[in-house]
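**Q** Have a look at the structure that comes next, please.
Nothing in this text is a laboratory measurement; each read-out follows from the coordinates by a stated rule. No experiment lies behind these values; they were computed from the predicted model shown. Here the Cβ is made from the backbone with ideal geometry for all residues, glycine too, and neighbour counts use every protein chain on show.
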Amino acid sequence: MSLSREAYRELAAVVGDAYISEKEHILSGNRVKTPEIPFEYHSADAILLPGSTEEVQAIVKICNRYGISFIPTVSGCSADAFAKHANSVIIHLKRMNRIIEINEEDRFAVIEPGVRQVQLYPEVRRRGLSYTAASVGPGGSVLANFTSTSGDNHTQHGTSRANRYLLGVEMVLPDGEIVRTGSLQTGSGWFCPDGPGPGLRGIVKGYFGIHGQLGIVTRAAIALDPCRGPREIRAEGVSPHQRVYLDSDCSKVRVFTFKDLGSLCDAMVKLGEAEIASTVQKFFYLPMTLMMTDSANAFWEKWNSGIKEEMAMPLVVHLATRSVEELEYEETILGDVARENGGVRVRPEIESWWDEHMDFFMVFGVLQRVLRLGGGWAPIKLGADSIRHMCEVGESISSYIHDYTDTGILFDAPESFQIVPMEYGHSAHIELLFMYDRTNPSVRPEVGKFTARARASDIADHFHAEMPGCLNQTAEQLGPLYSNYHVWLRRIKESFDTNNVANPML
């Protein structure tokens, strides 16, 4: 280990001996790659579990004094949440897991980083409220999604991304200074992100998230929406044999399939112009089939029954209204738009599954079922632009993916990407989810080649298909497509992090 004994003792004095470790078996559990990452991680020299903002501040100051890199993490879902080199520590924030406040009148919640989706969502729903929950599973950190990572979600057609809902923030900067943004700075409460105190949403979050490179958010307030649906979700059985019921006359799911992406794209645009529906998404058909089944054998049976041909271009629409009359109105418009663009309703067997799982999937997720087939998967693209531009990106995938699906490197599902409009179609998000056999050592290098090929294609075509976030090699490559984003981000990081200790990647 490269940490000096003096540094280790000072760090231990902050959190206590029970909440710091450099033991090999502890560190190994925090460097093992997640299944979708085809490379190994360096081992951190220590891991710390602070319990307060003040402890985080003290840790950051010690790291600056000794030149130690720090990586903040909660659930480890991001490839950037692990050590990249020696002389690094992981600051694990799972002990900071309190819901500080749920304000029903002004509709916001104040949370710490360790608060999980399964912890917060039922609490706000019981109060008739909701929020844009990412489909990262019940263990995902709410705060990380709103402040530090992407923030895309499956209900953003009728709402928006997480960055739009971020309010006041308490944050430890890379040098150890604590800042409080918006109305919080003046003692006026958490309700406003941009005043009368400093508005730093572009620094805290931006669009995609900076993954701890400009500081550690220790508390944040997120805006809440009125809940469209019953306050209690009724469920029967145990996963994976679980059924979820939305006891509401104002909730309905319709699933259509289209002959091509152009027709589906036109339908999404029209639904946005009509400003109807809570959820509109061109979904990826491979994960959809996995989520509909509860075993690998059941998957193969369904996959080979013709669903892959039937659902190559699926459009999932969730109508969630506040009255039966509004539901009837939206369903009429949806039917007209689908018919005019060649959409065909899928079999009841498929549509009923979505009807039974829509809210469960959107909030808690069953996406972990994709790990059944070889255990390796990866989401790439993750960009945003207009709906039509995202459809152009989707069309371009076929120009290179067959070189990898036809040879068996990737699972043969070339149209397995999703496009999710946001804010009634004013922009859209794309995500390509591909799968591979992580137990096959010869496949892993090819996965890296595929992602590089996909990025090179986007750069050559000037596609906004992948969103740069952190200051890393990806940002250096994509920066020229985004007004030299990488140049400006480097200047900001150098200003905020003079010692380059906050999750450095370059």
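**Q** Local charge sum around S263 (other residues, Cβ-Cβ under 13 Å, Lys/Arg +1, Asp/Glu -1)?
**A** Charge balance in the 13 Å sphere: +1.
**Q** While we're on this one: Would you give the gap between the C-alpha center of segment 454-502 and the C-alpha center of segment 94-144, rounded to a whole Å?
**A** When both Cα centres are located, 30 Å separates them.
**Q** Next question. Between T186 and Y207, how many nm apart are label points set 7 Å from Cα along the C-beta direction?
**A** The answer from the label model is 3.0 nm.
**Q** For K84, list the aspartates and glutamates whose Cα falls under 14 Å from its own Cα; do not include residues on the same chain fewer than 8 positions away.
**A** Hits, sequence-local ones excluded: E40, D45.
**Q** Ok, one more. Can you list the chymotrypsin sites (Phe, Trp or Tyr not before Pro) in segment 96-193 that are in a DSSP coil and have 16 or fewer other beta carbons within 10 angstrom?
**A** F191
**Q** Next up: Hey, what number do you get for the chain at 222 nm if only DSSP H runs of n ≥ 4 count, each worth -39500 (n - 2.57), divided across all residues, to the nearest 500?
**A** Computed ellipticity for the chain at 222 nm equals -9500 deg cm²/dmol.
**Q** What is the fewest-to-most order of T321, T149, T332 by other Cβ atoms lying within 10 Å of their Cβ?
**A** Result, fewest neighbours first: T332, T321, T149.
**Q** What Cys residues in the chain have no fellow cysteine's beta-carbon under 4.7 angstrom?
**A** C63, C77, C192, C227, C250, C470
**Q** Measure off 7 Å from each Cα along the Cα-to-Cβ vector at D403 and S495, then give the distance between these two points in nanometres to one decimal.
**A** Result: 4.1 nm between the two label points.
**Q** Cα axis of helix 444-461 to longest principal axis of the chain: angle in degrees, 0 to 90, nearest 10?
**A** Rounded to the nearest ten degrees, it is 80.
**Q** I would also like to ask the following. For Cα pairs less than 8 Å apart in space and 6+ apart in sequence, what is the mean separation divided by the residue count of segment 249-461, i.e. the relative contact order in percent?
**A** Once divided by the residue count of segment 249-461, the mean separation gives 28 percent.
**Q** Using 0.36 nm per residue of separation minus the Cα-Cα distance, give me the extension gain between Y245 and R345 in nm, one decimal.
**A** 33.8 nm
**Q** Moving on. Largest first, please: the extent of the C-alpha atoms of segment 383-448 along each principal axis, to the nearest Å.
**A** Rounded to whole Å, the extents work out to 43, 21, 16 Å.
**Q** Restricting to bridges with both residues inside the chain, how much of the DSSP beta-bridge set is antiparallel, in percent to the nearest 5?
**A** 85 percent
**Q** If you take the square roots of the eigenvalues of the alpha-carbon gyration tensor of segment 260-306 and sort them as a ≥ b ≥ c, do you get rounded (a/c under 1.5), prolate (a/b over b/c) or oblate?
**A** Judged from the Cα gyration tensor, segment 260-306 comes out prolate (a/c at least 1.5, a/b above b/c).
**Q** How high is the relative contact order of segment 374-425, given as a whole-number percent (alpha carbon pairs under 8 Å, six or more residues apart)?
**A** Worked out over segment 374-425, it gives 35 percent.
**Q** Moving on to the next point. Which peptide among 280-290, 261-271 comes first, and what is the full order, when sorted by highest mean count of other Cβ atoms within 10 Å?
**A** 280-290, 261-271
**Q** Sort 492-498, 216-222 by packing, meaning the average of other beta carbons within 10 Å per residue, with the highest value first.
**A** 216-222, 492-498
**Q** Give me H211, H25, H357, H85 sorted ascending by neighbouring Cβ count inside 10 Å, so fewest comes first.
**A** Ascending Cβ contact count within 10 Å gives the list H25, H85, H357, H211.
**Q** Out of segment 75-121, which GluC sites (Glu not before Pro) are coil in DSSP terms and have no more than 15 other C-beta atoms within 10 Å?
**A** The qualifying sites are E104, E105.
**Q** Tell me whether the chain comes out rounded, prolate or oblate; compute the Cα gyration tensor, take square roots of the eigenvalues as a ≥ b ≥ c, and use a/c under 1.5 as the rounded threshold.
**A** prolate
**Q** Show which lysines lie in cross-link reach of K61 when reach means a straight Cα distance below 19 angstrom and same-chain residues fewer than eight apart are skipped.
**A** Result set, ordered by chain and number: K493.
**Q** Out of all DSSP beta bridges in segment 5-92, what portion is antiparallel? Express it as a percent rounded to 5.
**A** 20 percent
**Q** What list of ³J(HN,Hα) values in whole Hz, one per residue of segment 493-500 in order, does the Karplus curve 6.51 cos²θ - 1.76 cosθ + 1.60 (θ = phi - 60°) give from phi, with Gly and Pro shown as x?
**A** Running phi through 6.51 cos²θ - 1.76 cosθ + 1.60 with θ = phi - 60° gives 5, 4, 6, 7, 10, 5, 9, 6 Hz.
**Q** Using 0.36 nm per residue of separation minus the Cα-Cα distance, give me the extension gain between I178 and D294 in nm, one decimal.
**A** Gain on extension, I178 to D294, equals 37.0 nm.
**Q** What is the distance in Å between the Cα centroid of segment 375-423 and that of segment 242-284?
**A** 19 Å
**Q** My understanding is that a pair violates if its Cα-Cα distance is over 21 Å; which of K259/K282; K94/K381; K282/K308; K259/K381 do that in this structure?
**A** With Cα atoms farther than 21 Å apart: K94/K381; K259/K381.
**Q** Among 201-207, 418-424, 245-251, what's the highest-first ranking by average C-beta atoms within 10 angstrom per residue?
**A** 418-424, 201-207, 245-251
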